[in-house]
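These notes concern the structure reproduced below.
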Amino acid sequence: MPRVILPAEHDGRISCFVAERLNTLFHPPFTQMGIEQDGQIIAGMIFNSFTGNDIHVSVAGSRWTRRFLRAMGQYLFDQLNVDRFTAITEKQNVVDIVYRLGGQKEGVIRNHFGPDRDGILLGVLRDEFRYRHGQHPEGSRSHCDSSGTGAI
């Protein structure tokens, strides 16, 4: 059965998982949440660029559970008290996840991921988030250590 890994656990495997799949690096400060199954990370989110009202979310993996999405909403909207979160992606599955959460496409960032690789800018407002309070949806290191436990 999948297990939700909360930000308080500081599990560096999540940032390694997300960074490897997105072919990028994350620099502190950031927090992270993930899903573990059979001892392996299968999905993760990195939360960075926190400004008080907004936080950026980087997403990788699959098999997102309602329990995970509710925990994400509780962390972002209740604990951090953000008004919105932002995702920038070139992956259609991430666009689909953000739409599932209640978000909208807000624009395109040309060449965000390199030449001819535009980023799709997405946002989810507090009042749009569909997985709140048990509700169901309406429709310092720049690399990982060899054990995969280091922060990025």
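The values are calculated or read from the model by the stated rules, or taken from the named source; none is laboratory data. Small disclaimer: the values here were computed from a predicted structure and weren't measured. Glycine also receives a Cβ, built like all others from the backbone with ideal geometry; neighbour counts cover every protein chain displayed. These accessible areas exclude ligands, DNA and RNA; they are computed on the full protein's heavy atoms, side chains included. Shrake-Rupley method; radii C 1.70, N 1.55, O 1.52, S 1.80 Å.
Quick check: is even one residue across the stretch 53-75 hydroxyl-bearing (Ser, Thr, Tyr), surrounded by 19 or more Cβ atoms within 10 Å (Cβ to Cβ), at pLDDT below 95 and more than 21 Å from Phe26 (Cα to Cα)? Reasoning before the result, please.
Narrowing the stretch 53-75 to residues hydroxyl-bearing (Ser, Thr, Tyr): 58, 62, 65, 75.
Those still in the list that are surrounded by 19 or more Cβ atoms within 10 Å (Cβ to Cβ) too: 58, 75.
Still in the running and at pLDDT below 95: 58.
Keeping just the survivors that are more than 21 Å from Phe26 (Cα to Cα) gives none.
No, because not a single residue in the stretch 53-75 is hydroxyl-bearing (Ser, Thr, Tyr), surrounded by 19 or more Cβ atoms within 10 Å (Cβ to Cβ), at pLDDT below 95 and more than 21 Å from Phe26 (Cα to Cα).
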Quiz item: Pairs under 8 Å by beta carbon, first residue open to solvent by less than 20 Å² (accessible area, probe 1.4 Å) in the stretch 9-23, partner modelled with pLDDT of 95 or more and hydroxyl-bearing (Ser, Thr, Tyr), six or more apart or different chains?
Solution: none
Self-check item: Residues within the stretch 99-120 that are surrounded by fewer than 16 Cβ atoms within 10 Å (Cβ to Cβ) and either touching a Cys at 6+ places or on another chain (Cβ under 9 Å) or not in a loop (DSSP other than H, G, I, E, B) (or both), tallied
Solution: 8
Quiz prompt | In the stretch 25-34, the residues that are surrounded by 13 or more Cβ atoms within 10 Å (Cβ to Cβ) and either aromatic (Phe, Trp, Tyr) or farther than 12 Å from Val59 by Cα (or both) | solution = Phe26, Phe30, Thr31
Quiz item: All but one of (1) assigned to a strand (DSSP E or B); (2) of a type in the set (Val, Ile, Thr); (3) over 11 Å from the mean Cα position of the chain (by Cα) hold for Thr51; which doesn't?
Solution: (1)
Practice problem: List every residue pair whose Cβ atoms sit under 6 Å apart, with the two residues 6 or more apart in sequence or on different chains, where the first one lies in the stretch 24-41 and is of a type in the set (Val, Ile, Thr) and the second, anywhere, is assigned to a loop (DSSP other than H, G, I, E, B) and modelled with pLDDT of 90 or more. | Solution: Ile35/Pro2
Exercise. Confirm whether Phe47 is touching a strand residue (DSSP E or B) at 6+ places or on another chain (Cβ under 9 Å) and under 22 Å from Glu106 (Cβ atoms).
Key: yes
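Kindly evaluate Glu90 against the criterion of being touching an Asp or Glu at 6+ places or on another chain (Cβ under 9 Å), open to solvent by 10 Å² or more (accessible area, probe 1.4 Å) and either more than 15 Å from Ile5 (Cβ to Cβ) or of a type outside the set (Gly, Ala, Ser) (or both). Steps first, please.
Details: touching an Asp or Glu at 6+ places or on another chain (Cβ under 9 Å): yes; open to solvent by 10 Å² or more (accessible area, probe 1.4 Å): yes; either more than 15 Å from Ile5 (Cβ to Cβ) or of a type outside the set (Gly, Ala, Ser) (or both): yes.
Answer is yes for this residue.
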Quiz item: Which residues, taken from the stretch 35-49, are surrounded by 18 or more Cβ atoms within 10 Å (Cβ to Cβ), among the small types (Gly, Ala, Ser) and out of contact with any Lys or Arg (no Cβ under 7 Å at 6 or more places or on another chain)?
Solution: Gly44
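Rundown of residues vs (1) aliphatic (A, V, I, L, M); (2) over 24 Å from Asp54 (Cβ atoms); (3) modelled with pLDDT of 95 or more, yes/no style:
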residue	(1), (2), (3)
Val94	yes, no, no
Arg100	no, no, no
Glu106	no, no, yes
Phe113	no, no, no
Arg117	no, no, no
Glu128	no, no, yes
His133	no, no, no
Gly139	no, yes, no
Ala151	yes, no, no
